[in-house]
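Here's the structure, in structure tokens; my notes come after.
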Amino acid sequence: MKKSIITATAIAFVLFSCSTGKNTLQSFDNATITSNCTENYDCTFEAQKDKSLVIKTDDTGHNYFNVIDTPGKTVLKYSYKRITDPKIQDAGYVETITFEIDNSTKDLNLTGKDIQKTKMVLNIACFCKGKAGVRKIEEGTLTFKNNKLHIEIPELVEGQVTRVVDVNF
């Protein structure tokens, strides 16, 4: 099942074109992740059109999020996943950057605290004490221009692998 999920998200839908005077979200079959995806890792990128993020905090003070139906928004997700032996139950490690944008967005240039407009979060899923969980990304850089997406985020936890994401469409 893991391989089918990875395969299904390897080439994703995303971003933008101009049509009859309106910017609309289009699917691109040729999304290429140009970030450094090291050996023994699989990197994927996907878009969920007409969805948005709702970020919440539980009773223990930990963040979590839900993806809900919202016309006019798109949730974008980049994942960096360690390829492991499926026989080893607790060997998995995944870092996922998830954020939302308006479907009508053509270009983006967000720096510093402006990145918060996208509700960007980093989710680390692993069997590792103190590292796993969802963290809000409070500052960084997100640019989208000429069918190129570039994201830079600070180190939020020790040993975090994902700091720069580049995707061409």
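The values are calculated or read from the model by the stated rules, or taken from the named source; none is laboratory data. What you are looking at is a predicted structure, and each value in this text was computed from that prediction instead of being measured. Positions of Cβ are backbone-derived with ideal geometry, glycine not excepted, and every protein chain shown enters the neighbour counts. Note: accessible area is taken over every heavy atom of the protein model, side chains too, but ligands, DNA and RNA are not part of it. Shrake-Rupley method; radii C 1.70, N 1.55, O 1.52, S 1.80 Å.
General remarks:
- Cross-link partners for Lys119 among the lysines, with Cα-Cα distance under 21 Å and sequence neighbours closer than 8 places in the same chain left out: Lys49, Lys51, Lys56, Lys73, Lys77, Lys106, Lys131, Lys136, Lys145, Lys148.
- Probe 1.4 Å, protein heavy atoms only - accessible area per residue of the stretch 42-169 in square angstrom: 54
- Length gained on full extension, Gln89 to Val157, computed as 0.36 nm times the residue gap minus the Cα-Cα distance: 22.2 nm.
- Couplings 3J(HN,Hα) for the stretch 63-74, derived from phi with the Karplus relation 6.51 cos²θ - 1.76 cosθ + 1.60 (θ = phi - 60°), are 7, 8, 9, 10, 9, 10, 5, 8, x, x, 10, 9 Hz, where x marks Gly and Pro.
- Each peptide in 134-143, 151-160 was scored by the mean count of other Cβ atoms within 10 Å over its residues; highest first, the order is 134-143, 151-160.
- Fully extending the segment from Asn66 to Thr34 would add 8.7 nm, taking 0.36 nm per residue of separation and subtracting the current Cα-Cα distance.
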